[in-house]
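The values are calculated or read from the model by the stated rules, or taken from the named source; none is laboratory data. Everything numeric in this text was worked out from a predicted model, so none of it was measured. Reconstructed Cβ throughout: ideal geometry from the backbone, glycine too, with neighbour counts over all protein chains shown. To get the accessible areas, we keep the full protein, side chains included, count just its heavy atoms, and leave off ligands, DNA and RNA. Shrake-Rupley method; radii C 1.70, N 1.55, O 1.52, S 1.80 Å.
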Amino acid sequence: FIGESHSTPPPKDQAKELSTIVAMAERSSEFIGFNWFEFQTRYDKGGTEAEFGMFGLGDYKITTLEYFGVTYDVWCLDPVRDPITRKRISAEISDAFGGKGLNYFTLCEPNPAIVQLDPEGFRQIKVLDSGVKMSTFVERAVQHMGAEVTDKAELANFVKTRANIFDDVLKLWSTKPRWVSYDKSATCVADRTSDSYAVAQTIEKACELTAFNCKDIPWSCKGDPWKTADYVLSTYYYLVGGNPLETCYFHGSAIFDRGDNYAKYDQQCVVTTDPRSTPLTEQGFQAILNLKDPSSMSLFYERLIRTEMGARILDRAELEAFAEKPPTSMFEVRRLLKDAQWVCGGKTQTRCSLWGGTGSQLWWWRYAMIALAALVGAAVLMSFVCVRCAKQCRNVCPAQCFEDEDEM
């Protein structure tokens with residue numbers, strides 16, 4: 001195996017060399033192939049080392065990358081040409097292996113699928129003068145609003161007639177056009193297409209932007225950086241609100257995602273207004289409390305009682321009454337439910353009775369009374385049977401059958 005394969009001076013026809021090497025590998029049982037040296041030109045080394053590489057760097061900056069406190073520019077790739085054939089070296093390698101190759105004309109062109117969703121990203125796509133590419137950009141923006149495009153024709157019409165500046169895209173959040181379907185359960189979570197370092201930076205920033213104390217993140221959400229980010233970002237957005245493209249983007253590290261999307265990877269650490277899934281924490285409680293909806297609060301309480309407290313609800317009317325006038329904090333909710341007479345078992349102060357009522361008193365006496373009543377009933381029945389049988393026996397048997405008894 002050739003670990004660093006490249007053409008050495010003087011220049012040679014690398015296309016021919018590559019085809020020869022591949023053919024040798026196909027015929028040989030000992031020679032398995034090669035690794036091309038190298039992918040990108042090493043500008044940092046300079047000298048003869050800069051002569052290697054199938055790609056150089058172009059003049060279009062794709063994005064920036066922050067790595068341990070240092071921000072780096074990420075540039076597009078510019079194919080290096082073979083000095084003999086004048087073909088792109090990367091194309092010669094693809095041809096040698098029978099591959100399809102790349103679309104080299106778009107390598108240093110703004111890509112609507114990855115540019116930043118901000119005024120500069122909009123400008124880069126706008127200058128391409130392509131309705132298809134601008135539609136891709138706008139559809140991405142809609143998805144970052146927790147929505148989806150339901151009519152592609154209307155999207156194309158918007159791009160053609162009204163998408164002149166980035167603010168026109170932002171207004172889709174407030175105008176709610178009919179060709180966009182918005183998800184009420186959408187909220188701010190970590191963008192899974194981002195990287196863990198950028199997400200960690202986003203967590204730190206989100207914790208600084210609100211009064212939420214990030215020390216209050218539940219333990220169940222601390223082991224996974226993505227779930228930690230989900231909890232922090234969803235709490236953050238609940239507190240700040242606003243247009244998701246302005247408050248829940250963080251240079252692509254966060255997304256205002258639809259409920260059916262984030263439910264696929266996180267059902268425990270996303271603070272939402274859904275009482276069936278929001279965390280059983282102070283932040284989850286406040287999200288439901290803010291709805292001012294007794295039925296939602298009732299569902300939240302029921303989850304808390306059954307899953308966290310491991311208890312039973314004895315009186316649903318009392319549950320609904322408690323949901324009508326909820327306390328103002330999760331601490332008070334837990335304290336009141338612990339002592340409530342309409343909740344029993346688990347972590348509560350009230351024992352459950354098989355009779356369906358509360359059992360804080362000594363419940364076993366009921367079973368004792370039943371057993372006693374059963375014994376008395378059995379005794380009365382046996383006495384009745386014995387007396388009746390005795391009378392029947394006197395009528396049937398001769399007098400001598402009872403002589404001994406009469407003498408006694």
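Here the label points at ASP260 and ARG306, each 7 Å from Cα along the C-beta direction, are separated by 2.4 nm in the simple model.
One entry in (1) 4, 19, 28, 26, 17, 6, 1, 0; (2) 4, 15, 16, 15, 13, 10, 7, 6, 4, 3, 3, 2, 2, 0, 0; (3) 4, 20, 31, 27, 15, 4, 0 is P(r) over Cα pairs in 10 Å bins from 0, in percent calculated from the shown coordinates; its label is (2). Rounded to the nearest 500, the helix-only mean residue ellipticity at 222 nm of the chain stands at -13000 deg cm²/dmol, with each DSSP H run of n ≥ 4 adding -39,500 (n - 2.57). Shape of segment 205-282 from its Cα gyration tensor (a ≥ b ≥ c, root eigenvalues): rounded if a/c is under 1.5, otherwise prolate when a/b > b/c, or oblate? Judged from the Cα gyration tensor, segment 205-282 comes out rounded (a/c under 1.5). Just the protein heavy atoms count here, and of the accessible area of the chain at 1.4 Å, carbon and sulfur take up 56 percent.
Structure note, pairs LYS227/LYS347; LYS61/LYS133; LYS12/LYS87; LYS16/LYS100: Cα-Cα distances above 20 angstrom occur for LYS227/LYS347. For trypsin sites (Lys or Arg not before Pro), the sites in segment 92-176 that DSSP calls loop and that have at most 10 other Cβ atoms within 10 Å are LYS100.
Ranking CYS188, ALA163, ALA153 by how far each Cα lies toward the positive end of the dipole of segment 152-200 (charges on Cβ) leaves ALA153 at the top. For the chain, the solvent-accessible area works out to 59 Å² per residue, with a probe of 1.4 Å and every protein chain left in place. Normalised by the number of residues in the chain, the average gap of Cα pairs under 8 Å and 6 or more apart makes the relative contact order 8 percent. Nearest 10 degrees is fine. How inclined is helix 131-143 to the longest principal axis of the chain, computing both from alpha carbons? Helix 131-143 sits roughly 30 degrees off the main axis of the chain. Estimated from the Cβ-Cβ distance and a Förster radius of 60 angstrom, the FRET efficiency linking ALA371 and TRP75 is about 0.10. Projecting the Cα atoms of PRO275, THR71, MET309 onto the charge dipole of the chain (Cβ charges, centred on the Cα centre) puts PRO275 farthest toward the positive pole.
With a/c under 1.5 counting as rounded, go ahead and sort segment 276-322 into rounded, prolate or oblate using the C-alpha gyration tensor (a ≥ b ≥ c being the square roots of the eigenvalues; past the cut-off, prolate if a/b is larger than b/c, else oblate).
oblate
In loop segments of segment 240-321 as defined by DSSP, the chymotrypsin sites (Phe, Trp or Tyr not before Pro) with at most 16 further C-beta atoms inside 10 Å of their C-beta are TYR265.
Considering only C-alpha atoms, what is the centroid distance from segment 181-208 to segment 115-135, in Å? Result: 23 Å between the Cα centres.
The long axis of helix 330-339 is offset from the longest Cα principal axis of the chain by roughly 20 degrees.
Of the beta bridges in segment 1-149, as assigned by DSSP with both residues counted there, near 75 percent are antiparallel.
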